[in-house]
Amino acid sequence: MQKKMIALAVAGLASTAAFAQSNVTLYGIADLGQAWVKSSGAKAAIYDKTTDTYGPDIKDNQRTVGRLDSNSSYLGFKGVEDLGNGLKAVFQYETAISADTNKGFTGMRDSYVGLAGNFGTVVAGRLTHPLREMGIKVDILPGDAGIGTVNSVTGQIAGVKTGADDRASNAVAYISPTFGGGFSVTAAWVNGERHGFDDDGEKANARAWQIAGKYDNGPLFVGLGYHKTKDNVTNDVDGQIFFKGLNARVWRLAAVYTAPFGTKFSALYDNTKVEEYGFGDVKRHAWSVGASHPFGANTVGLQYARSGKTKESGEPSWKDSANIWTAYYGYSLSKRTQLHARYTRLANGKEGDFNFYNNPVNNGRAASAPEDDRWNAKYTGFMVGLRHSF
C-alpha cells in the first residue's frame, strides 16, 4: 500500500486513444535540469546533553548549491487486446528512472491490468487517482515535475504530504464511459492490506475510497473529487513520517480553461481535515491559480499557490501558512523536445515547515529543533533543463 494519507482512486485511464493500440507500445520521458537551490530564514536550536536543554536559536540554512535534478523521468509499456464483442483487455507498466544517477528502474508509477467495454473500464494496480489528476492539470510546469510545483503547498498539511498528489497502490477502480459531451465518473477502493491496532490500542483496519466526477471537453476541464481514508496505521514510509492511526478526508475542486487567444487559465481549491491529530482535529484550506501563454515555439507562465493556517479544534490557529510562486519559460525544439527554465520561491509562515514537493532542499531546518521552535524557512530555486518524450 502507498502508506501515506492516500486520496485514492484512478482517472484518465480509459481514453479511446489509449485503448486504440493493437500492439505493445514503448514510451517514456527523459527530463534533466541543472538547478541551483538554497534556503534562508530557517532556525534551529542546539541541544545540550549536559543540561538536557536547547540553546539559543541559530540559523540553519543551505547555501546555494548546484545539483542535477531528474524531473519524473520514466519508461513505460502499454497495450490492448481485442477480446471480441466490444470487450478489451488493457494493461500498462511504468517505472521511474533516476536519469541523473542512472540508478535504474525504481517502479512507483502507474501500473495496472483491466477490462474495458461499453460498460466502462475496471482496472487494478497502482493508479493515478482523480485528485492527483486535478493537481497535474492545473500546474503549468511540464509533467507537474521538478521544483516549483503548486502541490508543494496544496498537497500538504502541517508540512506533511497528504497523498492527494501521490499514486495509490493496491487499488481497484471503475471509470464510467464518457457521457453528456464530456462527463465521466470514477470510483475506487484501496486495500490497506493491514489489520492491527492504532496508538490508543483500538482495532485499526486500513482502507480508503474515493469518488470523483469530471467534465473534460475542448477548452474546458472541471473536476470535483472526495476522498476518505480510515485507520491508516503506518507512520514511516521511505523515511517520511505520516499520520498514524487517523481518519482523514480531502475534497478538491479544479478547473482549467484555454481561451480562444491561446492563454490557459487554471485554478484549484483543496480542503483537508485530519481527525485526532495531536489533541484534536486539524484542518486547512489551500488554493492555486496559474496562467500560461504560447507564442510560436515559446511558452511563458506564472503560477501561485497558498495554504491557509492550520486550525486545531479548540486551539488558536497555527502560524504555518505558506505560499509559493513560480515563473516558467519553455522553448519547443520539436513536438517531442523542449528546453525549459523556471524560477521559484516558497515562503513559510513563522511556524511553517513546507518544502518543495519534488526534489526538496535537503537541510532547510535541523531535525533536533524542539517542538515549540518552528522554522520559518524560505526556499528558492532556479533551473534550466531539457525534456524529451518518446
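Would you confirm, using the coordinates I've provided, whether residue 225 is at pLDDT 95 or above and among the small types (Gly, Ala, Ser)?
Values: at pLDDT 95 or above: yes; among the small types (Gly, Ala, Ser): yes.
Judged against the criteria, residue 225 is a match.
Sort out which residues of the range 148-168 are at pLDDT 90 or above and among the β-branched types (Val, Ile, Thr), and write them in order of number.
Of everything in the range 148-168, those that are at pLDDT 90 or above and among the β-branched types (Val, Ile, Thr) turn out to be 149, 150, 153, 154.
Name every residue in the range 348-375 that is crowded, with 19+ Cβ neighbours inside 10 Å and either part of a strand (DSSP E or B) or at pLDDT below 80 (or both), in order of residue number.
The answer is 348, 364, 365, 369, 374, 375.
How many residues does the range 326-348 contain that are out of contact with any Lys or Arg (no Cβ under 8 Å at 6 or more places or on another chain) and of a type in the set (S, T, N, Q)?
Counting residues in the range 326-348 that are out of contact with any Lys or Arg (no Cβ under 8 Å at 6 or more places or on another chain) and of a type in the set (S, T, N, Q) gives 3.
From 123, 172, grab the single residue that is surrounded by fewer than 21 Cβ atoms within 10 Å (Cβ to Cβ), over 17 Å from the mean Cα position of the chain (by Cα) and part of a strand (DSSP E or B).
172
Considering 256, 282, which residue is buried (at least 16 other Cβ atoms within 10 Å of the Cβ), modelled with pLDDT of 95 or more and in a strand (DSSP E or B)?
The conditions single out 256.
Filtering the range 307-329 down to residues that are in contact with a Ser or Thr (Cβ under 8 Å, 6 or more places away or on another chain), closer than 15 Å to residue 351 by Cα and not in a loop (DSSP other than H, G, I, E, B), which residue is modelled with the lowest pLDDT?
311
Only residues in the range 111-136 that are of a type in the set (D, E, K, R) count as the first member; pair them with residues that are buried (at least 17 other Cβ atoms within 10 Å of the Cβ), Cβ under 6 angstrom, at least 6 apart or cross-chain, and list the lot.
As it stands, the answer is 126/111; 126/167; 126/169; 132/165; 133/11; 133/12, since those pairs meet every condition given.
Per-residue answers, yes or no, for (1) closer than 18 Å to residue 167 by Cα; (2) at pLDDT below 65; (3) surrounded by fewer than 18 Cβ atoms within 10 Å (Cβ to Cβ):
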{"residue": "203", "(1), (2), (3)": "no, yes, yes"}
{"residue": "210", "(1), (2), (3)": "yes, no, no"}
{"residue": "219", "(1), (2), (3)": "no, no, yes"}
{"residue": "231", "(1), (2), (3)": "no, no, no"}
{"residue": "237", "(1), (2), (3)": "yes, yes, yes"}
{"residue": "241", "(1), (2), (3)": "yes, yes, yes"}
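The values are calculated or read from the model by the stated rules, or taken from the named source; none is laboratory data. Owing to the predicted nature of the structure, the values given are computational and were not obtained by experimental measurement. In this analysis, Cβ positions are derived from the backbone assuming ideal geometry, glycine residues included, and neighbour counts consider all displayed protein chains.
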